[in-house]
Every structure is written in C-alpha cells, then in structure tokens.
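J.: Following this message is one structure expressed as structure tokens.
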Amino acid sequence: MGELMRQYWIPAALSRELQPDGPPTRLMLLGEKLIAFRDSSGRVGIMDHRCPHRCASLFYGRNEENGLRCVYHGWKYDADGNCVDMANIPERQHFKDKVRTKAYLTAERNGVIWVYMGDRAHAPALPPFEACFRPAEQVQIRFVQRRCNWLQAVEGDLDTSHVGLLHFGAAKPSATLDKSHQDLVVNRAPEYKVTETPFGLTYGAHRPSATVPGGTYWRVAHFLFPFWIMPPVASLEENVMVRAFIPMDDEHCMFVGFESQRYRRPQDDRFRVSASAYRRDNVDANTTGWFGRYRMIESEENDYLINRDDQREKSFTGIEGIHTQDQCVTESMGAIVDRSFENLAPSDIAVARNRRMLLNAVQAFKNGARPPAADQPDLYAHVRGGYYTTTQAGDWLKLHADAVAKTLEAPAPAIA
C-alpha cells in the first residue's frame, strides 16, 4: 500500500515551516525519516535524513549557499539530492558526480509544500481539488497529527452515522438548533447507498426530511485514492473542502485539511456548531522530533480533557471540539485496530466496501495495473461532498451530481 501511495502527490508541510537558509525540519512520511529544507534561492528539498557518506543525520546540517552541508565531514547536497562538495577530500579526489542522496520531487501551491515519492519522470500534475484553487486567503489549512493507523482515521470520516451521536448526541430538535442539523437529530439512523467510482468510492446516507415536506435529506461523502476524504461536514453549497490522513508510519498519520472560506464568513478556531461542539484544533507547539509536529494537547494521557459533569448534564461526550471527539474515538481503538473484535453493521457498508476496494486495488497494483486516478488527477476536479435536501425522485448519483452542478453555477455570496 505504501508503494501504491507513492504514485500520488502528498502534502508534506506548510510553506511557512521552511525559511531560506533556515534550520532543516524532520518529516516522517510513509515510514521514511526525511529532512526538509529551503535553500538560499527558495527551493525546497525533501530527502533521506542520512548523509550518503557515513550516514550521520543531515538534520544537524548547515543550510547555506544553496545546499545542505553535513557537519560530520562537510559533504554538501543541493535540493535535488546531488552532492556538490566534498570538503574533507582534495579536489583532485572528488567523485561528486557519483554520489547522490535519495531526494524527492517537490512543489508548492497556496502555502503548502507537496512531495512526490514515486518515479520523478512519471509524476502527474498536482491534484486539482476545488478547495486548493481558491485564493490563499480564502483557504483554511490544517495539519493535525493523529496517533493511529491512517485507515482507521479515514474510516472515521467516511462513517457519517456517528455524527448524530458523537457530535450531536445531546442536541434536540428545537427552534435554536440550526435548520441544517434538524434532520440529523430527528432521525439518527439513516439508510445507505454506496458505489465505487473512477477516483475511489461515493456513498450517501439518506432519511426522510423533517423540515421539507416530501423531501429526502442526503449526506454524501467521497473517498478519493489514496487517502483523501470529503465528508459532509457542511451543505453542498459550503462544503468546498478535502482532507487527507497521510501515513507517517503504521501507527501515526497526519490529518491535512483544506477548507475554502468562499461560501462563509471567516471562522476562528472555536467556530461553534452546536451548544456542546465546535471546530477547534488545540495544537501544542511543534518540537523537532520525528513525531513532534502538530500534536493535539488533548490526548490519551489526559483523557482528552473529558468533563464527566458536562457529559451527564449538557454534552453527549463531555469532550469539547468535533475534531477532538474524532481524535479520541479513533485513537482509543489502538494504534492498529484489531478488526477481529469488530461486529460490522449495515451502517458500516461504506467502511466495508472501502476496505474491499483498497485490497483489490493493491492486488491489481502488484499485478502491474496503475492505481485509480494516479495518472488522471483531473478526475478529482469538481468532486464535492456535503448534505442537501431534495424532493425529487430518481437515481441518487444523478441527483447528487445535479445538486453539485447547481452550486458550481451559482455565484458565491459575498463574504461579510
């Protein structure tokens, strides 16, 4: 699966994490210990952290004069991994042209550094997710580390039935509850549709609408190869977003989210979505360790700051923050969940189908097939999840496609 993931571009870091001639940053991606740096001219290099000479870590290197110099013997490498100096060897004995460290192709877009860990010569274009093409000032970018396997984190976002309980379990239909959430709490047990697509998988949870007579309330989500997800966190008109759970190693992943602000007024980190839940990433200061970036303060060690009094009186979980609630339940399964303990239900149809699809894709890749959408990034364009209500009957995929098309045609409301 790791080799399959190398056929896609991966968001690796925020651009602001690297300064020209600034200190290198440790990255853990797909089980590899890597070093990222920005050279004097602004180019970004992402490479193996070991110097090819005697394997001392380049994290301690000197970032100077368009290259990273190992402090052990002074061998220096440019952003492409080429050895450009051998300071401890007479010039006549240099063999710089024969030494190269493993370095990966990089690109930058809208404040994010991307890396391609496959064959440089066959790198596709960057994925054209809708949220990634908004002006930088209209896109909220989030990096949050999660201490569990990437797939159980993906499955947490693919599962929409938990929203009415984990996040809105204490909410009741009332005049004060946002209309968009009324249907969610009136009926917390929807029915499901699911299908595979050229880019991955699409599924919809549906239930009769309590707010629109004769209407059906749909929550549509997408899984996009290899680790992207578009959950229905907002209405179709507002849900210009995509997020990924990128494997750092088998037991850690990085949540990377892109959310456009085009359709709503700017939010702060504590934008409240109900009386007991709000969007917040309570992230600790970064350290320089391999797992030192974007760690949440709420963790297993402090029980995610659960408040049992709040849980009894006003909150279903006693844990504040939608993302924190998700973090809690997926990490509590263990770093790699033992699925022999599971008893999957009809509400898990998308999870089960997604697992089967991934296994089939890996087997096909081992047999020589190219992974889905790896060479056709345009398949990601104009894909959008979200919730909506319709009174029309017909094929659910066509209804969703028509609803998305209407949002793409409609002018965006001005942001106050």
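The values are calculated or read from the model by the stated rules, or taken from the named source; none is laboratory data. In this text, all values refer to a predicted model and were calculated from it rather than measured experimentally. Note that we place each Cβ from the backbone using ideal geometry, even for glycine, and neighbour counts take in every protein chain shown. Please note that ligands, DNA and RNA were not included when accessible areas were found on the heavy atoms of the full protein model with its side chains. Shrake-Rupley method; radii C 1.70, N 1.55, O 1.52, S 1.80 Å.
J.: If only one of A364, A350, A369 is at negative phi, part of a helix (DSSP H, G or I) and out of contact with any Asp or Glu (no Cβ under 9 Å at 6 or more places or on another chain), which one is it? If you could, list the steps in order and put the result at the bottom.
T.: Values: A350 fails: out of contact with any Asp or Glu (no Cβ under 9 Å at 6 or more places or on another chain); A369 fails: part of a helix (DSSP H, G or I).
Step by step, each of A364, A350, A369 is checked, and only A364 is at negative phi, part of a helix (DSSP H, G or I) and out of contact with any Asp or Glu (no Cβ under 9 Å at 6 or more places or on another chain).
J.: Let me ask something additional. Tally up the residues in the stretch 79-101 that are assigned to a loop (DSSP other than H, G, I, E, B), within 20 Å of V44 (Cα to Cα) and open to solvent by 30 Å² or more (accessible area, probe 1.4 Å), please.
T.: Residues that pass the stated criteria total 1.
J.: So which pairs qualify, if the first residue must be in the stretch 399-416 and under 21 Å from F133 (Cβ atoms), the second must be at pLDDT 90 or above and of a type in the set (F, W, Y), the Cβ gap must be under 8 Å, and the two must be at least 6 apart or on different chains?
T.: A403/Y388
J.: Given the condition touching a strand residue (DSSP E or B) at 6+ places or on another chain (Cβ under 7 Å), at pLDDT 95 or above and assigned to a loop (DSSP other than H, G, I, E, B), answer yes or no: does some residue in the stretch 266-288 qualify?
T.: Yes, some residue in the stretch 266-288 is touching a strand residue (DSSP E or B) at 6+ places or on another chain (Cβ under 7 Å), at pLDDT 95 or above and assigned to a loop (DSSP other than H, G, I, E, B).
J.: Of all residues in the stretch 219-242 being at pLDDT below 95 and β-branched (V, I, T), which is most open to solvent (accessible area, probe 1.4 Å)?
T.: V233
J.: Do you know which residues across the stretch 107-148 are in contact with a Cys (Cβ under 7 Å, 6 or more places away or on another chain) and open to solvent by 10 Å² or more (accessible area, probe 1.4 Å)?
T.: Result: R109, N110.
J.: How many residues are more than 29 Å from the chain's Cα centre (by Cα) and in a loop (DSSP other than H, G, I, E, B) if we restrict to the stretch 42-77?
T.: The total comes to 16.
J.: In a loop (DSSP other than H, G, I, E, B), over 23 Å from Y380 (Cβ atoms), touching a Pro at 6+ places or on another chain (Cβ under 9 Å) and in contact (Cβ under 8 Å) with a residue 24 or more places away in the chain: is that true of A210 in this structure? Give the derivation first.
T.: On the way: in a loop (DSSP other than H, G, I, E, B): yes; over 23 Å from Y380 (Cβ atoms): yes; touching a Pro at 6+ places or on another chain (Cβ under 9 Å): yes; in contact (Cβ under 8 Å) with a residue 24 or more places away in the chain: yes.
Judged against the criteria, A210 is a match.
J.: Does the stretch 296-313 hold any residues that are outside any loop (DSSP other than H, G, I, E, B) and more than 19 Å from the chain's Cα centre (by Cα), and which are they?
T.: Keep residues of the stretch 296-313 that are outside any loop (DSSP other than H, G, I, E, B), which gives 296, 300-305, 308-313.
Selection gives E300, E301, N302, D303, Y304, L305, R308, D309, D310, Q311, R312, E313.
J.: Please specify each residue of the stretch 68-107 satisfying the condition of being touching a His at 6+ places or on another chain (Cβ under 9 Å) and of a type in the set (D, E, K, R).
T.: D85
J.: Does R293 meet the test of being part of a loop (DSSP other than H, G, I, E, B) and either at pLDDT below 95 or charged (D, E, K, R) (or both)?
T.: Values: part of a loop (DSSP other than H, G, I, E, B): yes; either at pLDDT below 95 or charged (D, E, K, R) (or both): yes.
Against the criterion (part of a loop (DSSP other than H, G, I, E, B) and either at pLDDT below 95 or charged (D, E, K, R) (or both)), R293 qualifies.
J.: Let me ask you something else. Output the residues belonging to the stretch 372-395 that are open to solvent by 30 Å² or more (accessible area, probe 1.4 Å), under 24 Å from S161 (Cβ atoms) and either of a type in the set (K, R) or not in a loop (DSSP other than H, G, I, E, B) (or both).
T.: Across the stretch 372-395, the qualifying residue is only T389.
J.: In the stretch 165-182, which residues are open to solvent by less than 30 Å² (accessible area, probe 1.4 Å), in contact with a helix residue (DSSP H, G or I) (Cβ under 6 Å, 6 or more places away or on another chain) and either over 23 Å from Q311 (Cβ atoms) or assigned to a loop (DSSP other than H, G, I, E, B) (or both)?
T.: F168, A171
J.: Any residue in the stretch 183-195 that is open to solvent by less than 10 Å² (accessible area, probe 1.4 Å), under 27 Å from A381 (Cα atoms) and out of contact with any Pro (no Cβ under 6 Å at 6 or more places or on another chain)?
T.: For the stretch 183-195, residues open to solvent by less than 10 Å² (accessible area, probe 1.4 Å), under 27 Å from A381 (Cα atoms) and out of contact with any Pro (no Cβ under 6 Å at 6 or more places or on another chain): absent.
J.: Considering only residues of the stretch 196-218 that are open to solvent by less than 10 Å² (accessible area, probe 1.4 Å), of a type outside the set (A, V, I, L, M) and within 25 Å of L151 (Cβ to Cβ), which is nearest to the chain's Cα centre (by Cα)?
T.: G200
J.: Follow-up. List every residue pair whose Cβ atoms sit under 6 Å apart, with the two residues 6 or more apart in sequence or on different chains, where the first one lies in the stretch 231-246 and is among the basic types (K, R) and the second, anywhere, is modelled with pLDDT of 90 or more.
T.: Within 6 Å, the pairs are R243/I229; R243/G257.
J.: Right, something else. Out of curiosity, is T160 open to solvent by 20 Å² or more (accessible area, probe 1.4 Å), within 28 Å of P247 (Cα to Cα) and β-branched (V, I, T)? First the steps, then the outcome.
T.: Working: open to solvent by 20 Å² or more (accessible area, probe 1.4 Å): no; within 28 Å of P247 (Cα to Cα): yes; β-branched (V, I, T): yes.
No: the conditions fail for T160.
J.: Right, something else. Among the residues of the stretch 328-363, what is the count of those that are open to solvent by less than 40 Å² (accessible area, probe 1.4 Å), at pLDDT 95 or above, of a type outside the set (A, V, I, L, M, F, W, C) and within 27 Å of T195 (Cα to Cα)?
T.: Qualifying residue count for the region: 2.
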